[in-house]
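All of the numbers you see were taken from the coordinates with simple rules; none came from a lab. A quick note: this is a predicted structure, and the numbers were derived from the prediction, not measured. Note that each Cβ is placed from the backbone with ideal geometry, even for glycine, and that neighbours are counted across all protein chains shown.
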Amino acid sequence: MPKVVHWNPRTAVGTGRILTRVKIGRRIDNFGDLLGPLIVERIRQSRTLGDRGARDRRLLAVGSIMHLARDGDVVWGTGVNGKMQRTTYPRLDVRAVRGPASAAALRAAGIHVPDVYGDPALLLPRLWSDSELGISRGTAGTVLVPNLHDRAHFPPDALNPRSDVLACIRRIASADRVVASSLHGIVVAEAYGVPAVLVASASEPTFKYEDYYSGTGRRMPSPAGSWQEGLRTAPAPPLSAWSADALLDAFPEDLWEPLSPPVT
């Protein structure tokens with residue numbers, strides 16, 4: 001079965017010049033970076049695709065992980081990392097990207113990119129029912145979602161982005177409002193129609209946020225300077241010009257063999 005590439009490195013075993021280089025601790029498990037394999041597997045099952053396919057193929061889906069791409073990889077909804085932009089890329093089979101900024105970076109390197117945009121996390125409500133995930137709309141109040149590296153700038157009761165991925169989706173989708181420096185805090189909220197306010201990240205360039213908003217037909221709003229300011233800030237306009245159909249149609253199901261009909 002094709003490998004779904006995602007970012008989830010192990011943590012260092014300690015501090016100091018030597019121990020910080022020893023990456024054998026627990027994995028980061030940032031919920032946004034775990035969405036790719038989850039979404040791909042759900043689509044595979046829903047389309048009754050077999051669990052066999054080209055084992056030497058790799059699929060990049062969800063996240064700013066274009067820098068992890070290798071020669072011949074398939075790209076579906078991935079974005080360029082603003083901290084790791086490249087001028088050259090390997091040969092890629094691009095079906096969709098997160099937004100126009102990622103498309104421009106690949107096209108500048110001579111790679112063909114179709115005009116199909118969107119973060120696959122926007123498909124979550126199309127793939128799971130609320131009851132399957134335990135979502136109770138409008139019951140969780142305001143949910144604060146820091147970027148993985150911004151937790152120190154948010155209060156203790158903010159969502160921990162390293163907690164269980166389904167629990168993160170459930171809490172965000174059940175919110176009345178989301179205030180987030182986490183890109184996927186914003187994406188998941190907007191997928192479920194929850195008003196979302198962007199907070200400037202202390203660690204992330206604006207590239208991926210601009211890419212996401214433009215990929216859904218909107219300009220990036222001016223981010224709030226802090227979560228406190230975010231509580232006083234109007235949310236971005238809701239999704240209206242973006243449709244999930246093109247992204248779903250671009251899903252690379254040709255990477256899997258269809259299930260054989262039962263022998264009678």
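Distance from the Cα centroid of the range 126-173 to that of the range 35-49 is 21 Å (rounded to whole angstrom). For the range 35-43, 3J(HN,Hα) computed residue by residue from phi via the Karplus equation (6.51, -1.76, 1.60; θ = phi - 60°) reads 6, x, x, 4, 5, 4, 5, 5, 5 Hz, glycine and proline entered as x. For Arg86 and Ser46, the difference between the fully extended length at 0.36 nm per residue and the C-alpha to C-alpha distance is 10.9 nm. Database remark: amide H of Ala140 closer than 5 angstrom to the amide H of Ala175, Asp176 (H placed geometrically; neighbours at sequence offset of 5 or more, or on other chains; Pro and chain starts carry no H).
In the chain, taking the dipole from charged Cβ atoms about the Cα centre, the farthest positive-side position among Leu159, Pro195, Thr142 is held by Leu159.
Hey, can you grab everything whose amide H is under 5 Å from the amide H of Val4? Only 5+ residues off in sequence or another chain; H modelled, so Pro and N-termini drop out. Those qualifying (amide H under 5 Å, at least 5 residues apart or on another chain) are Leu59. Just so you know, the Cα atoms of the range 129-230 work out to an Rg and Dmax of 12.8, 36 Å. Starting from the Cα gyration tensor of the chain, take the square roots of the eigenvalues, sort them a ≥ b ≥ c, and report rounded, prolate or oblate (rounded when a/c is under 1.5, otherwise prolate if a/b is larger than b/c, else oblate). Rounded is the answer for the chain, as its axis ratio a/c remains below 1.5. As a rough footprinting exposure proxy, the listed residues His149, His6 were ranked by other beta carbons within 10 Å of their own, and the order from fewest upward is His149, His6.
Taking label positions 7 Å along the Cα-Cβ direction at both Arg137 and Asp176, the computed distance is 1.6 nm, reported to one decimal. For Leu92, nonlocal amide neighbours, meaning residues 5 or more places apart or on other chains whose placed amide H falls under 5 Å from its own, are Gly72. Here the residues Asp29, Asp71, ranked from fewest to most Cβ neighbours within 10 Å of their Cβ, fall in the order Asp71, Asp29. Couplings 3J(HN,Hα) of the range 107-116, computed from phi: 5, 5, 8, x, 9, 6, 10, x, 7, 10 Hz, in residue order, whole Hz [Karplus 6.51 cos²θ - 1.76 cosθ + 1.60, θ = phi - 60°; x for Gly and Pro]. Could you pull out the longest piece of the chain with no exposed loop trypsin sites (Lys or Arg not before Pro) in it, calling a site exposed if DSSP puts it outside H, G, I, E, B and it has at most 15 other Cβ atoms within 10 Å? Between the exposed loop sites, the longest stretch runs 138-218.
Each Cα pair under 8 Å and six or more residues apart adds its separation to the average, and for the chain the resulting relative contact order is 19 percent. With θ taken as phi - 60° and the Karplus curve 6.51 cos²θ - 1.76 cosθ + 1.60 applied, the whole-hertz 3J(HN,Hα) list for the range 222-234 is 5, x, 5, x, 7, 5, 5, 5, x, 5, 9, 9, 5 Hz, x standing for glycine and proline. Each Lys and Arg Cβ is given +1 and each Asp and Glu Cβ -1; about its Cα centre, the chain then shows a dipole of about 820 debye.
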